[in-house]
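Let me begin by presenting the structure, written as structure tokens, before commenting on it.
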Amino acid sequence: MITLEQVWFKYPSGSLALQEVDFSVESGSFIAIMGENGAGKTTLAKHLNGLLKPSSGRVLVDGEDTRKKSVAQLARKVGLVFQNPDHLLFSESVRQEVAFALKNFGYPADVIETQVKRTLESLDLSEYADTSPFLLSGGERKRVALAAVLAWEPDYLILDEPTIGQDYQQKERLRNFILQLYSQGKAVVMITHDVEFVAECNPQVVLMSKGKVVGSGSADRVLSSDQLVEKASLVKPQMAKLFARLKPQGFPGDVVDVHRAKMLLEAKLVEVKGSVPQSP
Ligand SMILES: Nc1ncnc2c1ncn2[C@@H]1O[C@H](COP(=O)(O)OP(=O)(O)OP(=O)(O)O)[C@@H](O)[C@H]1O
Ligand SMILES: [Mg+2]
């Protein structure tokens, strides 16, 4: 479990980025952190792996204070994929980039080879294994940065804006991949502005504004609430907008994802027509 207790953080420039933040990531949980630009999301993410230490309050990773641990020690447990990873890619090939941390951690060569191959396949990067990361597109580079962290299978995975620059297919792939990690018992924290992606993934949502946590709850509850969505400068997902309008017809007001919408609409069809036409 990672716990932030009454964390305040001020950058040396004087900018107060976190204020009295209490937040925890339990093993095996799936959390989306959402909120406006400058809300403090990335600053919070950097506290989870000890890259930043609180100005006051404390952060515990599996019971250990991050102030007493090096980033290298924490990295094995907590993998952070940066919002803008470009400056962090440095190897000659994608394969080497993804193998880098595994080598540092001292894994044997055969394990490294298997892990790299598996991670590249799952992120649709195999064809670029021998290509320089610098010759790839922005979206592909983002996936290389993700692969470089996923390869060593940290217990906690922190993803800062993972869907930016990803096309629909890659987002679907990413979604399946995240859900798979989650089902394996890994904790996943994703920071995102992408309400549609969150609606379809159905994590717990934590809302931030001006350095504070201002709300939390299930994706259904948070993303269908006018008040909460406004508080964090978000917009409702399309499905939530539609079902808010269908409320007078007796539909629940907290529908945000396509799957639940389909089930409710089919049930309504049965009620009205007696059966649901079979899809081809
Ligand atoms: N390196 C830095 N030095 C000084 N101030 C910073 C630094 N990084 C961020 N800040 C400030 O801290 C606050 C929080 O920034 P942070 O990057 O955590 O926001 P964010 O929620 O991730 O925003 P975005 O959605 O734009 O990524 C902002 O006011 C920002 O200007
Ligand atoms: Mg950010």
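Of the conditions (1) closer than 29 Å to residue 223 by Cβ; (2) part of a loop (DSSP other than H, G, I, E, B), residue 9 satisfies every one except a single condition; which number is it?
The number of the failed condition is (2).
Given the conditions (1) farther than 28 Å from residue 128 by Cβ; (2) within 16 Å of ligand 2 (Cβ to nearest atom); (3) not in a loop (DSSP other than H, G, I, E, B), which single one is not true for residue 59?
Of (1) farther than 28 Å from residue 128 by Cβ; (2) within 16 Å of ligand 2 (Cβ to nearest atom); (3) not in a loop (DSSP other than H, G, I, E, B), only one is false for residue 59: (2).
Sort out for me the helices (runs of 4 or more DSSP H) sitting completely within region 181-280 that have 2 or more residues that are under 25 Å from residue 168 (Cβ atoms), within 16 Å of ligand 1 (Cβ to nearest atom) and in the same structural domain as residue 55 (by TED's automatic domain parsing).
Where helices (runs of 4 or more DSSP H) fall fully within region 181-280 and carry at least 2 residues being under 25 Å from residue 168 (Cβ atoms), within 16 Å of ligand 1 (Cβ to nearest atom) and in the same structural domain as residue 55 (by TED's automatic domain parsing), they are 195-201.
Search region 104-119 for residues that are in the same structural domain as residue 140 (by TED's automatic domain parsing) and pair each with any residue that is of a type in the set (Lys, Arg) when their beta-carbon atoms are under 8 Å apart and the residues are at least 6 apart or on different chains.
105/76; 112/103; 116/95
Applying the selection to region 131-150, what residues are in a loop (DSSP other than H, G, I, E, B) and surrounded by 24 or more Cβ atoms within 10 Å (Cβ to Cβ)?
Across region 131-150, there are no qualifying residues.
Quick one: which residue in 80, 44, 51, 74 is part of a helix (DSSP H, G or I) and within 16 Å of ligand 1 (Cβ to nearest atom)?
None of the other options fit; the residue is 44.
When you check residue 82 against the structure, is it buried (at least 16 other Cβ atoms within 10 Å of the Cβ) and closer than 30 Å to residue 7 by Cβ, yes or no?
Yes, satisfied.
The values are calculated or read from the model by the stated rules, or taken from the named source; none is laboratory data. For clarity, every value in this text was computed on a predicted model and none was experimentally measured. Note that we place each Cβ from the backbone using ideal geometry, even for glycine, and neighbour counts take in every protein chain shown.
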